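This report refers to the structure that appears directly beneath it.
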Amino acid sequence: MNVESNAAPVADSQAQERTLPVSNAVAAANAAAASFAALTDSLDYLEPSQVELVRQAYRYADEAHLGQLRNSGEPYITHPIAVAAQCAEWKLDAQALMAALLHDAMEDCGVTKADLIERFGASVAELVDGLTKLDKLQFDTREENQAESFRKMLLAMARDVRVILIKLADRTHNMRTMGDMPRAKWGRIASETLEIYAPIAHRLGLNQTYRELQDLSFRYLHPWRYMTLSKAVGKARNRRRDLVQKVQADVDAAFARVGLQARLAGREKTLYAIYQKMEQKHLSFAQVTDIYGFRVIVGSVTACYTALGILHQMYKPVPGKFKDHIAIAKVNGYQSLHTTLVGPSNVNIEFQMRTEEMHLVAEAGVAAHWLYKQQDAEGSSAERLGTKWLQSLLDIQNETRDAAEFWDHVKVDLFPDAVYVFTPKGQILALPRGATVIDFAYAIHSDVGDHTAAAKVNDEQVPLRTEIHNGDVVEIITNPTTTPNPAWLGFVRTGRARSRIRSHLKLLNQVDSEALGEKLLTQALRAEGLEQLPPSSDEMQPLWDKLLRFTGSRDRSELMVDIGLGKRIATIVAKRLFVLMAEHGHRPDALLLTRERFTSHETISQGGVSLDGSENASVKYAHCCRPVPGDQIVGYLGRGEGLVVHVAWCAVAQRLQAKDSERFISVDWSDEPTRMFETGVTVTVNNGKGLLARIAAELATAEADITHIDMDEEMALDTLNLRLVIGVRDTLHLEAALRSLRRIPAVLRVVRSLPTQ
């Protein structure tokens, strides 16, 4: 895979193809590197049949890349072979090795996914396709704050862990050979590797790959600093060779005296790690004292602690430099005991104690689960691993062999419940798993969320409740007149979106309830013979203050809201207000008093309200009876619910009226309703094909909207009841819609769904 693939659409293999004259010796070397024999020695862990499958993939890739050369002049196939060789070091399975050999075929050679499925099966094709998709991600590494999001997105987009491992192997080989590329490209590619790919390797526990990618990136990002530091480390290594040999001999002798079997391996701090320490702590090279260290690899966890005790008896430990990563493993599965000791000549030396299994995980990380599959069937090696995360990965892989399930489990730990999506301008947003386009809109800005009218995902228009996935490009279309819909609360996932929608609806509810409360209080005051409420003026303020003390409200607005929500009875407040106004010299109008009392319904205790459908949250139309204009209706002021409108013969309304009559008010329909009203219809039909479509067509012809459909669960029955909720203008429009349905031959009966008495 070309080094450019994640940042530019032009592939090395296409942009840099050329024919170079080479000597016979170079040609022979190239031929050897390009042959399958270069890979054969690494495949001894596979079955012969699996090796043959890998060989077939090699032949296919070799033919596809025929005539293509790398910048170095080598045949292009040498790159896929090197990537496959790295994967073989991790003991990846045959499918992964085949994908490694074929990973550039789709991008560079015109091979399609269908071709690969036909030739090598769906699993290999999916791996290659996953790698190709990752190549199309464009990373702008100059935005350092975006690097972590890019890393997480890259991991999240890979449905199979092997895709990431092949990608890391690909990037590692490209970095090793980057000296052949134009110098102008070094900085960008090295930055991308350092900021994105090296941390991924570290997160997956691929320590060796992580260290190599860091050093290679440092070499090409800061060539002069790299060379200077390299020379300094080389000189220090020569000066301290005798010291290191003495420490190793002393430690070996100390372990031998107590019969502790241990393998001692020298470890040198990487150049990039030394450079980072110098930069962060403002040190000179001479002040960096822990350049050298040793790994002590023993047979058991107990032996790790025994080795630690022996070392602390030999050399003085540096305070604060002991870390127990065995008892508390790192999140990527790494385990070791770390201690820094003051060695001979006062030189600080770090020691790391670990078992063979821990060493394997420290070097290979997630890839270690393939290595474990080669060990004993009883799983005793895995049981000694001691880290729950990797242990669970091993269990899943051994039980199911399902790469997708394995990777899903890895992702739970890597980025729990998160998806990473793009804005149209390329910014990345992280949202909870299951988030919708509305959540995305509110994540951009509250005003964008409030005015969301439509949305596009990957340039396709989608419903606002659509769930977004990793890598999606989401575009929000706004409209200044659009406001949050209460239905959004049913599917949003983020607290930000939910609180903003609720806040808006609460404000809307207050405004509507205040207007309704003022209307109700005015109607109730008219029943007492007074035409209108006293104004909110300085002259009338003492009167309002007395009324507010009587009701316990903070201000006039709160009082009106409480009346509109049914928390206070308008009639009672009106009677008190009438007394206060009388004290201020207001007298009732006898004509108005007579007209209001004689026209009011005998069972209604408060003034009437005219309804046209524009009342928003302050008025609710009961779902039990679904009234429409033309029905005889009554209004119930529920406690804290506002005005609830029922059909007059609704059984629910009649029960409420029997026990709570003072909360009912007179309501009537306006002459010109402003919207459609929902009502229920039950249609009994002879079951048959295309019937639902015919019913929908008839209702559409009648200009009635279907908002909900429910039907009997037993679809095999000859006769079915369809329960519809439809939108109509009034009772006349409803009757016309029902007549249209009765014309359908398969319809046996059509009735409006009304509450029982």
Only residues that are surrounded by fewer than 16 Cβ atoms within 10 Å (Cβ to Cβ), at pLDDT 80 or above and outside any helix (DSSP H, G or I): list them for segment 97-119, please.
-> Thr112
So which pairs qualify, if the first residue must be in segment 265-293 and more than 17 Å from Glu350 (Cα to Cα) and assigned by TED's automatic domain parsing to the domain that holds Val251, the second must be of a type in the set (A, V, I, L, M) and at pLDDT below 80, the Cβ gap must be under 7 Å, and the two must be at least 6 apart or on different chains?
-> Met278/Val288
Which is surrounded by 14 or more Cβ atoms within 10 Å (Cβ to Cβ) and over 19 Å from Gly613 (Cα atoms), of Leu717, Leu722?
-> Leu722
Count of segment 646-662 residues which are buried (at least 20 other Cβ atoms within 10 Å of the Cβ) and assigned to a loop (DSSP other than H, G, I, E, B) = 1
Within segment 192-250, track down each residue that is among the acidic types (Asp, Glu) and closer than 30 Å to Val163 by Cβ.
-> Glu192, Glu195, Glu212, Asp215
Do we find a residue being of a type in the set (A, V, I, L, M, F, W, C) and in a helix (DSSP H, G or I) anywhere in segment 526-541?
-> no
Closer than 30 Å to Leu521 by Cα and in contact (Cβ under 8 Å) with a residue 12 or more places away in the chain - does that describe any residue in segment 726-743?
-> yes
Restricting segment 35-63 to residues that are under 16 Å from Leu127 (Cβ atoms) and not aromatic (Phe, Trp, Tyr), the residue that is surrounded by the fewest Cβ atoms within 10 Å (Cβ to Cβ) = Gln56
Filter pass, Val634 being touching a Gly at 6+ places or on another chain (Cβ under 7 Å), part of a strand (DSSP E or B), of a type outside the set (D, E, K, R) and modelled with pLDDT of 85 or more | no
For segment 224-244, what are the residues that are in contact (Cβ under 8 Å) with a residue 12 or more places away in the chain and in a helix (DSSP H, G or I)?
-> Arg225, Tyr226, Leu229, Ser230, Ala232, Val233, Ala236, Arg237, Leu243, Val244
Mind checking which residues of segment 663-676 are out of contact with any helix residue (DSSP H, G or I) (no Cβ under 9 Å at 6 or more places or on another chain) and assigned to a strand (DSSP E or B)?
-> Val667, Asp668, Trp669
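Table: residues versus (1) modelled with pLDDT of 85 or more; (2) over 47 Å from the mean Cα position of the chain (by Cα).
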residue	(1), (2)
Asp215	yes, no
Phe218	yes, no
Leu221	yes, no
Leu229	yes, no
Ala236	no, yes
Val247	yes, yes
Ala253	yes, yes
Lys269	no, no
Ala286	no, no
Of these, Leu643, Leu593, Leu611, which one is under 17 Å from Thr522 (Cα atoms), more than 52 Å from the chain's Cα centre (by Cα) and either at pLDDT 70 or above or surrounded by fewer than 21 Cβ atoms within 10 Å (Cβ to Cβ) (or both)?
-> Leu593
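So that you can scan it fast, the table gives a plain yes or no per residue for (1) out of contact with any strand residue (DSSP E or B) (no Cβ under 8 Å at 6 or more places or on another chain); (2) under 23 Å from Arg626 (Cβ atoms); (3) at pLDDT below 90; (4) not assigned by TED's automatic domain parsing to the domain that holds His623:
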residue	(1), (2), (3), (4)
Thr719	no, no, yes, yes
Val728	no, yes, no, yes
Ala736	yes, yes, no, yes
Arg739	yes, yes, no, yes
Scanning segment 233-264 for residues that are closer than 21 Å to Leu308 by Cβ and either among the polar types (S, T, N, Q) or outside the structural domain of Val288 (by TED's automatic domain parsing) (or both) gives Gln248, Gln261
Do we have Gly426 as at pLDDT below 80 and either assigned to a loop (DSSP other than H, G, I, E, B) or crowded, with 18+ Cβ neighbours inside 10 Å (or both) here?
-> yes
From the residues in segment 529-541 that are over 17 Å from Lys519 (Cα atoms) and within 57 Å of the chain's Cα centre (by Cα), which one is surrounded by the fewest Cβ atoms within 10 Å (Cβ to Cβ)?
-> Asp538
Taking only pairs six or more apart or across chains, which ones have beta-carbon atoms under 9 Å, a first residue in segment 685-708 that is within 24 Å of Asp730 (Cα to Cα), and a second residue that is basic (Lys, Arg) and surrounded by fewer than 17 Cβ atoms within 10 Å (Cβ to Cβ)?
-> Glu698/Arg743; Ala702/Arg739; His708/Arg723
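The values are calculated or read from the model by the stated rules, or taken from the named source; none is laboratory data. Please read all numbers here as calculations on a predicted model, not as lab measurements. Reconstructed Cβ throughout: ideal geometry from the backbone, glycine too, with neighbour counts over all protein chains shown.
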